[in-house]
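The values are calculated or read from the model by the stated rules, or taken from the named source; none is laboratory data. Keep in mind the model is a prediction, meaning the values are calculated, not measured. Backbone-built Cβ (ideal geometry, glycine too); neighbour counts: all protein chains shown. In case anyone asks, the SASA skips ligands and DNA or RNA and just uses the protein heavy atoms, side chains included. Shrake-Rupley method; radii C 1.70, N 1.55, O 1.52, S 1.80 Å.
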Amino acid sequence: MFELLLCSMLTVFPDYLFRRYVQGKRLGRDINLYTVWYELRWGITACLLLTVSLITLIFYYHPSTKNVTAIFRTVTILPETTGRVAEVFVGVNAKVQAGDPLFRLDSSEQEAARETAQRQIAETVAEAAVAQTELAAADGLIQQAQGAYQQSLDELATRQELLRRNADVSVREVERLQIAADGRKGALDAAVANKRTIETKLSSLLPAQKASAEAALAQAQVELDKTLVRAGVAGTVQQFTLRPGDIVNTMIRPAGILVPEEAGRVALIAGFGQIEAQVMKKGMIAEATCIGKPFTIIPMVVTEVQDVIAAGQLRASDQLLDVGQIAQGGTLTVFLEPLYPGLLAGLPPGSSCIANAYTNNHEALAAKDIGTAEWLFLHVVDTVAIVHAMILRMQALLLPVQTLVLGGH
């Protein structure tokens, strides 16, 4: 309507003035309800053509959309393990900070596993103490075996010397002493090997067993910590109705929802028509008005333009996709952030909004090699943005009226 009125001031109105004051025709006599089309046909035709062209120019270079939402993501309150609720620390709509405990599952099994690991560590330490005493005993056995072996060698050497001198010594007795010396040598080797076994046990086996027990303790502690569910971010707990005794399942029964403090208060996500894909650019200035914040125009800036259309995504399945099944074309997803901090304060997350984006040709107009026709066209494009800005402000004024008065309340 606004474009039609504007175009009529440039076409129908001058045509009427020409016929009224130049041709001398009078309104109500020569120009009446029945002859208005014939008398003002050139102005009306030009007005309609100019209106269509102006609307096309405005909506293409300065796109508008009502598909704007302060989208936010919630955090599912879900433990890492299935269990029975033992204790609940917060209630519905409670404000929590990151790290605050929310609820605790029954941890008797995890505590038993931790106690078992602690006992294994203590057992390993006790075995190490026993091995130290065994090592001291092994040293004594080695000394004893060395003495016995040395005594056998000395006695054997004596008997061999007497036998060499043809003394009253039999060969059998020397052989018996040799066998006895070999046996005591074996006892000495066994004592040394036993000491090495104990040393290996002290240096390798027991530390490895202790490390395994400590790892089991750490794992048991991790499993125990999983039973205490904490808030990952600061926010508000919603739909949290757990009570002691409830069963929480990690797959089919979450405990509730946590709405982060910054959810929906950072940016607006808008869906523009696909025809705007060549116009929407990162850095464009935009404006938005939201039903959750009436009579307010929020200056925005385009921070990101999604380079794919979500409606065309394909998910692998056991059936071939028929493109005809995509009944409705998707929109171009655009991320809008406030031009200044704090402009989205007071806007409830999830609010629906209306947004305009404005094409800016300042750099193109500043170019030295720009032609006259292009210069004029770009000036027209930038100028007609005020029309869309005025329409958005009219929508901001009428939106509460449409919602409260004309919306069936």
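So the values come out like this:
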item	result
Count of region 271-301 residues which are within 18 Å of Ile58 (Cα to Cα) and not in a loop (DSSP other than H, G, I, E, B)	11
Considering residues of region 166-195 that are at pLDDT 70 or above, open to solvent by 80 Å² or more (accessible area, probe 1.4 Å) and more than 14 Å from Gln146 (Cα to Cα) only, the residue farthest from the chain's Cα centre (by Cα)	Arg172
In region 100-112, residue nearest to Lys226 (Cα to Cα) [restricted to those that are open to solvent by 30 Å² or more (accessible area, probe 1.4 Å) and not in a helix (DSSP H, G or I)]	Arg104
Test result for Asn356, open to solvent by 90 Å² or more (accessible area, probe 1.4 Å), at pLDDT 85 or above and not aromatic (Phe, Trp, Tyr)	no
Meets criteria (out of contact with any helix residue (DSSP H, G or I) (no Cβ under 6 Å at 6 or more places or on another chain), more than 22 Å from Asp225 (Cα to Cα), open to solvent by 50 Å² or more (accessible area, probe 1.4 Å) and at pLDDT below 85) for Leu57	no
Residue in region 115-143 that is farthest from the chain's Cα centre (by Cα), counting only those that are open to solvent by less than 70 Å² (accessible area, probe 1.4 Å) and not small (Gly, Ala, Ser)	Ile142
Among the candidates Leu258, Leu217, Leu242, residue that is in a helix (DSSP H, G or I) and either among the hydrophobic types (A, V, I, L, M, F, W, C) or touching an Asp or Glu at 6+ places or on another chain (Cβ under 6 Å) (or both)	Leu217
Members of region 261-306 that are open to solvent by 70 Å² or more (accessible area, probe 1.4 Å), more than 27 Å from the chain's Cα centre (by Cα) and of a type in the set (Lys, Arg)	none
Pair list, Cβ < 9 Å and 6+ apart or interchain, from region 268-289 residues that are more than 21 Å from Gly329 (Cβ to Cβ) to residues that are in a loop (DSSP other than H, G, I, E, B) and small (Gly, Ala, Ser)	Leu268/Ala70; Leu268/Ser351
Residue in region 328-335 that is without any contact (Cβ under 8 Å) to a residue 12 or more places away in the chain, open to solvent by 30 Å² or more (accessible area, probe 1.4 Å), outside any helix (DSSP H, G or I) and over 30 Å from Val233 (Cα atoms) present	no
